[in-house]
């Protein structure tokens, strides 16, 4: 584009390539020469060197010119004259926008158009003709106060909107936490005002820690015989005694589990969660006491059973010794009948005193 300058350009602001004033002045860092941006780019397309001193040059070494050069290069230029669309006045192309923003013939709206005034006319007729008769202009003080009030309300509304959004997020968080608590409580969660009464008195009866479970004495009845059965055991009933001693252990396995399963209190869903935990704690304490008592009773029963077995073994030993003595007497009588000697002479022949028997000798030797 060809520019017509309003005044003669400074010789120091002429590009050495196009010999015209700088347009977007650009300086090479290597040699400090200044050119127009388009001129130096086009010259470097043919050769990567400075047009003045022929030194190597690349596009990375180009940078905008010094601020002083750019400020002095802002000379007023004029190209093809521009015509204003409203007043038909000829102005420079660079000043057309500024002229139209202040042109007296340009159509403008009333300054109270935001309040509802629909007047549109030349800018020159706004102040002298329209504003004196504009009904909205007479209320300009009210509009100013009203605008201030609206701005304050809008600001408060914005603050309240932020608070509502924060409360909504907080409510959503609380809702999620309540759902998690409801899921954790399970059957113990009940809406407010709903009250459930217990359906059984047995559920509300706590288990005492020191009180043994019901029918606990029946579990050990087989290990503790009654008072009338305290006669000395008969040697011939040893097998029956062993059977009686082993039978309660086999037959009491089933009722033992059933009784203790019934002694554990079920969960009471009609009470609160704290009450249920208290009931469970009391049940655990009672169960621990029952297990401890059962262990002590088992120890006592085991000790009594051991003593009784020892007595039975001693009784069996005495019975076997008596049977041995009887067999020895029978053999001595048979030997006396065969040999014609008395039992005392046979005993003396074997090295024993009269009236005594050799307990340590074998029967076959007799």
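Bear in mind that the values in this text are calculations on the coordinates, not laboratory data. What you are looking at is a predicted structure, and each value in this text was computed from that prediction instead of being measured. So basically every Cβ, Gly included, is an ideal-geometry build from the backbone, and we count neighbours across all protein chains shown.
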Protection-proxy order for peptides 275-286, 166-177, each taking the mean of Cβ atoms within 10 Å per residue, highest first: 275-286, 166-177
query: Which order, highest average first, do 23-34, 305-316 follow once you tally other Cβ atoms within 10 Å for each residue and take the mean per peptide?
result: 23-34, 305-316
field: Extension gain, residue 46 back to residue 277 (0.36 nm per residue minus Cα-Cα distance, nm)
entry: 73.8 nm
message: Using alpha carbons only, how many angstrom separate the centre of the stretch 96-129 from the centre of the stretch 136-154?
response: 22 Å
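What does the extension gain come out to for residue 330 and residue 138, with contour length at 0.36 nm per residue minus their alpha carbon separation?
Numbers: separation 192, 0.36 × 192 = 69.12 nm, distance 15.61 nm.
The span from residue 330 to residue 138 would gain 53.5 nm if fully extended.
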- prompt: In nm, to one decimal, how far is the residue 313 label point from the residue 99 one, both placed 7 Å along Cα→Cβ?
  reply: 13.6 nm
- request: Please express the Cα-Cα pair-distance distribution P(r) of the stretch 92-135 as a list of whole percents, one per 10 Å bin, running from 0 to the bin with the greatest distance.
  value: 28, 45, 21, 7
field: Gain in span if fully extended, residue 89 to residue 176, counting 0.36 nm per residue against the direct Cα distance
entry: 24.1 nm
